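Working notes, structure below.
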Amino acid sequence: MGKRVPRIIEKIKAATGACVIPGCSLAEYTTYRVGGAAEYLVDPVNMEEASWIIQNAWREGIPVTILGAGSNVIAPDEGIEGITLILNGSNVPPVFYDNGILQVEAGVSLIELAKLAAMEGYSGFEPIAGIPGTVGGAIMMNAGGNGNISDILTKVEALTSSGRRIQLTNREMAFGYRKSIFRGSGWLILNAEFKLGRGKKEQLMKDFERINEERRIQYPMDLPSAGSVFKRPPGDYPGRLIEEAGCKGMNVGDAVVSSRHANFILNRGSATSADILGLVSEIRKMVYSRSGVYLELEQILLASRP
């Protein structure tokens with residue numbers, strides 16, 4: 001990268017309010033608590049700043065890795081070159097309209113947004129209320145539980161890899177099971193619009209708390225993890241297949257298959273991303289040997305230094 005990265009970093013410091021940290025451990029910003037150093041970690045205050053940063057970095061030929069809440073990703077032990085852009089928060093508050101339209105920036109926490117919607121008397125987020133991550137990350141993955149975020153999403157504004165700002169309707173986002181037009185595109189989701197219903201605040205808050213409590217009971221929360229490891233194969237569940245293959249409690253280093261929910265890998269202390277990927281490989285082999293099903297990874301592998 002030579003002098004190009006320090007040059008763009010100085011421009012970012014001069015033109016924005018973003019926090020810039022050189023050589024920051026990615027383990028501090030991922031829910032697995034693994035990963036080497038980001039060459040430069042940049043945390044903008046809102047999506048307009050993020051858009052400015054990413055466009056200027058692209059012009060300089062600087063690689064940019066986008067990271068939201070750090071859930072559902074595996075950060076490399078080797079670290080990440082260039083700029084790691086943290087989009088986890090915003091100083092621009094969500095806006096609720098009387099007709100049920102909600103406009104929100106992509107960096108806002110999905111759990112906090114679901115709670116706020118319930119407090120304001122708006123329904124629609126209940127099926128995805130307990131899912132960790134940001135609005136942008138949830139849209140990119142079409143996150144869901146008993147329903148998907150695409151069920152209530154109406155519009156998205158995004159920055160394409162050519163630097164063009166576009167608006168897409170729900171139909172144009174090519175949603176499917178844990179996928180959308182954004183996954184792997186290099187595009188930056190800037191903000192989103194949702195269509196919500198109305199309900200009684202007290203009941204909506206009770207539903208929100210119940211859903212979160214159910215997730216705390218069903219899923220392991222005592223050790224670092226990144227959520228569901230594998231996608232659901234047609235007509236079956238990865239947790240059932242993994243348990244049937246005898247993988248519960250299996251480990252590689254400090255990465256271990258949860259004894260509570262087999263589709264979770266936990267970091268029980270000093271796991272590395274290599275440990276996690278090694279365990280993923282072992283699980284796949286054992287499940288395929290037992291059932292003939294090849295499990296597809298749901299979690300995203302972040303690109304490492306070359």
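All of the numbers you see were taken from the coordinates with simple rules; none came from a lab. Just so you know, these numbers come straight off a predicted model, no measurement behind them. As a convention, Cβ positions derive from the backbone with ideal geometry for all residues, glycine included, and neighbour counts pool all protein chains shown.
Return the calculated 222 nm mean residue ellipticity for the chain, to the nearest 500 deg cm²/dmol, obtained by summing -39500 (n - 2.57) across DSSP H runs with n ≥ 4 and dividing by the residue count.
-9000 deg cm²/dmol
Post the alpha-carbon centroid distance, segment 200-236 to segment 38-117, in whole angstrom.
23
In the chain, with Lys and Arg counted as +1 and Asp and Glu as -1 at Cβ, which of these residues, Tyr122, Ala57, Thr169, has the Cα nearest the positive end of the dipole, that is, farthest along it?
Thr169
Evaluate E = 1/(1 + (r/R0)^6) for Ser291 and Tyr219, where r is the Cβ-Cβ distance and R0 equals 22 Å; express this FRET efficiency to the nearest 0.05.
Computed FRET efficiency for Ser291 and Tyr219: 0.45.
If the limit is 21 Å between Cα atoms, which of Lys155/Lys200; Lys155/Lys231; Lys11/Lys155; Lys179/Lys285; Lys195/Lys231; Lys155/Lys179 go over it? Intermediate values should be presented prior to the final figure.
Numbers: Lys155/Lys200 26 Å; Lys155/Lys231 26 Å; Lys11/Lys155 32 Å; Lys179/Lys285 25 Å; Lys195/Lys231 27 Å; Lys155/Lys179 16 Å.
Cα-Cα > 21 Å for Lys155/Lys200; Lys155/Lys231; Lys11/Lys155; Lys179/Lys285; Lys195/Lys231; rest within.
Taking the Cα centre of segment 136-289 as origin, sum charge times position over the Cβ atoms of Lys and Arg (+1) and Asp and Glu (-1), and report the length of that vector in debye to the nearest 20. Mind showing how you got there, number by number?
On the way: 23 positive and 16 negative charges, 98 e Å.
For this selection, approximately 460 debye.
Among the aspartates and glutamates, select those whose C-alpha is under 14 Å from the C-alpha of Lys201, and discard any that sit fewer than 8 residues away in the same chain.
Straight-distance partners of Lys201: Glu120, Glu126, Glu209.
Using the Cα centre of the chain as the reference point, and only Cβ charges (+1 on K/R, -1 on D/E), how large is the resulting charge dipole? Debye, rounded to the nearest 20.
Its charge dipole is roughly 460 debye.
Can you tell me, using C-alpha contacts under 8 Å and at least 6 residues apart, the relative contact order of segment 218-306 as a whole percent?
About 34 percent, as a whole number.
How charged is the neighbourhood of Gly144? Take every other residue with its Cβ under 11 Å from the Cβ of Gly144, and add Lys/Arg as +1 and Asp/Glu as -1.
That works out to +1.
With only Lys, Arg, Asp and Glu charged, each at its Cβ (+1 for the first two, -1 for the last two), find how big the charge dipole of segment 95-218 is about the Cα centre; round to the nearest 20 debye. Each step should come with its number before you reach the end.
Details: 16 positive and 14 negative charges, 66 e Å.
For segment 95-218, the charge dipole is close to 320 debye.
Using 0.36 nm per residue of separation minus the Cα-Cα distance, give me the extension gain between Lys195 and Glu244 in nm, one decimal.
Roughly 13.6 nm would be gained on extension.
Taking a cut-off of 19 Å between Cα atoms, list the lysines near Lys13, but don't count ones fewer than 8 places away on the same chain.
Lys3
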